[in-house]
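The values are calculated or read from the model by the stated rules, or taken from the named source; none is laboratory data. Just so you know, these numbers come straight off a predicted model, no measurement behind them. When we count neighbours, we look across all protein chains shown, and the Cβ atoms used for this are built from the backbone with ideal geometry, even at glycine.
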Amino acid sequence: MRLRSTLVIALTVVVAPALVGCSVAENIVGGVVSEAQNQAGDAISEALGGAGVTTDGELPSGFPADAIPVVGTVQGGGAAPDGAGWVVISTLGADEDFAAAQAALEGAGFVSSAVNSDADSGFGNFALAPYGVVLTVATDTDDVTTATYVVSATTE
């Protein structure tokens, strides 16, 4: 549970500014987004027990790809010790957005909650035992849309 809370906090630091829709806020946030993303990478690494978040284009070791569909082109990710959780970062194509990622998870049987999205971003929690997924999608100022999957595994 501590892992999930820490990961959600880390992602909130990165994603909350990206989910802001007004142009004034976008101008203010524009200068700090990249620093926040760097700090979030550090926070995610710490939450994963020191595991590094890679950008090697591969799913992290042990990621349950057969149970959790990832939309887009995988950029990298990280894994917590003992299969406790994973982070996967993917870049979405022109026809992919939060709704596509949400549909893929729900199509695999995940139940959604706390979902909120617009044309450029989205956030939601998804659950299907033994996994919980926090999905965030944001489009940056260069029109690159990135999805971040934070996956936790329950041990019940």
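Does any residue of the range 115-122 turn out to be touching a residue at least 12 places away in the same chain (Cβ under 8 Å), surrounded by 19 or more Cβ atoms within 10 Å (Cβ to Cβ) and under 14 Å from the mean Cα position of the chain (by Cα)?
yes
Condition check: modelled with pLDDT of 95 or more and either surrounded by fewer than 21 Cβ atoms within 10 Å (Cβ to Cβ) or of a type in the set (Val, Ile, Thr) (or both). Does PRO81 satisfy that?
Values: modelled with pLDDT of 95 or more: no; either surrounded by fewer than 21 Cβ atoms within 10 Å (Cβ to Cβ) or of a type in the set (Val, Ile, Thr) (or both): yes.
Here the answer is no, as PRO81 does not meet what is asked.
Of the numbered conditions (1) touching a Gly at 6+ places or on another chain (Cβ under 9 Å); (2) without any contact (Cβ under 8 Å) to a residue 40 or more places away in the chain, ALA84 satisfies every one except a single condition; which is it?
(2)
One line per residue, one yes/no per condition, for (1) closer than 24 Å to THR54 by Cβ; (2) of a type in the set (D, E, K, R):
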{"residue": "GLY76", "(1), (2)": "yes, no"}
{"residue": "ALA94", "(1), (2)": "no, no"}
{"residue": "ASP97", "(1), (2)": "no, yes"}
{"residue": "GLU106", "(1), (2)": "no, yes"}
{"residue": "ASN125", "(1), (2)": "no, no"}
{"residue": "VAL137", "(1), (2)": "yes, no"}
{"residue": "ALA147", "(1), (2)": "yes, no"}
